[in-house]
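Heads up: the structure comes next, in structure tokens.
Values in this text are rule-based calculations from the coordinates and carry no lab data. Quantities reported herein were computed from a predicted structural model and do not represent experimental measurements. Don't worry about glycine lacking a Cβ; one is built from the backbone with ideal geometry, like all the others, and counts go over all protein chains shown.
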Amino acid sequence: MKKITAAQYKDGINSLNIFTEMLREALKQAMPGVELRKESAHAWRGFQIEKYPGLKKSQYYCQIYLDKPNIVAFHEYYEMQPHPFQVDFDLFSHGFFVMEYEGQKQMLLEFIRTAHQEAIAWNKSEKRRQIVPVRFI
């Protein structure tokens with residue numbers, strides 16, 4: 001372990017909260033009319049997509065895993081690991097943190113637009129019907 005100062009702790013928590021709010025704004029803009037629920041656990045933080053046309057109710061999430069904070073994941077969840085449908089976006093490799101706010105937001109918007117369109121196609125796919133437990137179809 002290593003020492004952390006109060007300032008580092010406060011800055012880290014504040015940054016995580018700012019990113020979470022940016023992610024919420026991007027989800028709302030990229031998916032007009034979406035109903036979201038902010039969620040977190042010991043391993044991740046983000047949003048459950050409670051309702052959106054073309055997606056199964058409350059089965060999709062957009063989040064970061066705290067052990068891989070550079071990855072934003074958009075995935076369907078239903079008791080299966082790994083997730084049969086997941087689209088990842090690496091913030092570090094795309095230069096997210098060197099951009100100004102507008103560039104960061106645009107990058108998140110593009111990722112979410114692409115990911116949710118892929119999710120809608122996945123929902124309609126025969127492959128999904130073959131592997132997803134019947135109660136989630």
Once the Cβ-Cβ distance between VAL134 and LYS28 is put in as r, and R0 is 30 Å, what FRET efficiency do you end up with, to the nearest 0.05? 0.40
Which angle from 0 to 90°, rounded to the nearest 10, does the C-alpha axis of helix 101-124 make with the longest principal axis of the chain? 20 degrees
Using alpha-carbon coordinates alone, the radius of gyration and Dmax of the chain in Å work out to 15.9, 52
Between HIS94 and TYR65, what is the FRET efficiency for a Förster distance of 25 Å, r being their Cβ-Cβ separation, to the nearest 0.05? 0.90
Starting with the fewest neighbours, write out VAL132, VAL72 ranked by other beta-carbon atoms found within 10 Å of each beta-carbon. VAL132, VAL72
Listing HIS42, HIS94, HIS75 from the residue with the fewest other Cβ atoms within 10 Å to the one with the most, what is the order? HIS42, HIS94, HIS75
Looking at the chain, how many pairs of lysines come closer than 22 Å at the Cα, when each pair is eight or more places apart or spans two chains? 21
Helix 6-30 versus the longest principal axis of the chain: what angle, 0 to 90°, nearest 10, using Cα atoms? 30 degrees
Compute the orientation-averaged projected area for the range 71-133 from the convex hull of its Cα atoms and round it to one decimal in nm². 4.7 nm²
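Report, in debye and to the nearest 20, how large the dipole of the chain comes out about its Cα centre when Lys and Arg carry +1 and Asp and Glu carry -1 on their Cβ. Display every interim value, and only then the final one.
Details: 19 positive and 16 negative charges, 90 e Å.
That gives a dipole near 440 debye.
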